[in-house]
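The values are calculated or read from the model by the stated rules, or taken from the named source; none is laboratory data. Fair warning: this is a prediction, and the values are worked out from it, not measured in the lab. Don't worry about glycine lacking a Cβ; one is built from the backbone with ideal geometry, like all the others, and counts go over all protein chains shown. These accessible areas exclude ligands, DNA and RNA; they are computed on the full protein's heavy atoms, side chains included. Shrake-Rupley method; radii C 1.70, N 1.55, O 1.52, S 1.80 Å.
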Amino acid sequence: MSTPTPIRHIGIIVGSLRQQSINKRLALAIQRLAPPSLQFNFIEIGTLPLLNQDLENALPEPVVEFKRAVEACDGLLFVTPEYNRSIPAPLKNAIDWASRPKGKNSVGGKPAAICGTSPGQLATAAVQQHLRNVLSVLNVHLMSQPELYLQFTPELIAEDGTVAADTTRQLLERFAAALAAWVERFSAP
Ligand code: FNR
């Protein structure tokens, strides 16, 4: 009898605060299409104050909760739009909080993957490279392949994350399966 695959907990961080975010849709779609061994938890970044080192001596409650949620995960999935070819400010703010105070890096050593969608043809390619730079400094183990740059069209993913087209569904299934395998490499048996 084969041993069942252990459950791994993935924290999803969406780089957009917009209610109708297409990146939130992409995150929901990946959640739907992922292997059952992955359990997802959306980690809120919209309640975080702007980073100010003066706040580091007594961390605000949303920061404490955010860091605790990140630390509780076996892996992270960043799903982000691109703002002016780079990282949306709320996401950079969240990552900076995750890294602080000095010596209390909540993301260090975590396996993670990045993906994103945009109506534009470059489909978040630039932000994903910028994010790789930042996360590698924080010792996040980033999955290299497959990359996922999705050019969004209105019919591609429904609000609840349902994907109609077989090709898109297969693409997202492959990405989620690779994430599961990647996280497994860094998890204790
Ligand atoms: C954008 N958008 C955008 N798109 C892109 O492909 N490359 C870019 O550099 C930018 N720059 C940019 C800057 C700012 C400030 C905004 C608000 C938007 C468009 C963006 O892809 C589009 O608004 C998406 O719908 C944003 O993703 P969410 O919020 O729907 O997930």
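A few remarks follow.
- Taking θ as phi - 60° and the Karplus parameters 6.51, -1.76 and 1.60, the scalar couplings of the range 171-182 work out to 4, 5, 5, 5, 5, 5, 5, 5, 4, 4, 5, 5 Hz in sequence order, x denoting glycine and proline.
- Against the compact-protein benchmark of 2.2 N^0.38 Å, the Cα-based radius of gyration of the range 105-186 scales to 1.19.
- Three-way shape label, the range 139-182, alpha-carbon gyration tensor, a/c 1.5: prolate
- Each listed q (0.17, 0.19, 0.21 Å⁻¹) maps to a log10 I(q)/I(0) for the range 1-48, found by the Debye formula over equal Cα scatterers with no solvent: -0.56, -0.66, -0.76.
- Pairwise label distance in nanometres, Arg185 with Arg68, each label 7 Å out on the Cα-Cβ vector: 3.3 nm
- Rg and Dmax [Cα atoms of the chain; Å; Rg one decimal, Dmax integer]: 16.2, 56
- Residues of the range 55-73 falling in the label zone of His9, defined by backbone nitrogen less than 16 Å from a point 7 Å along Cα to beta-carbon, are 64-73.
- Computed over the range 40-88, the range of Cα coordinates on each principal axis works out to 33, 29, 14 Å, biggest value leading.
- The dipole here belongs to the range 56-189: it is taken about the Cα centre, uses +1 on the Cβ of Lys and Arg and -1 on the Cβ of Asp and Glu, and is about 580 debye.
- Heavy-atom accessible surface of the range 8-183, averaged per residue, reaches 47 Å², computed with a 1.4 Å probe.
- Atom-type composition of the exposed protein surface of the chain places 51 percent of the accessible area on carbon and sulfur (1.4 angstrom probe).
- Förster radius 25 Å - calculated FRET efficiency between Arg169 and Ser136, Cβ distance, rounded to 0.05: 0.25
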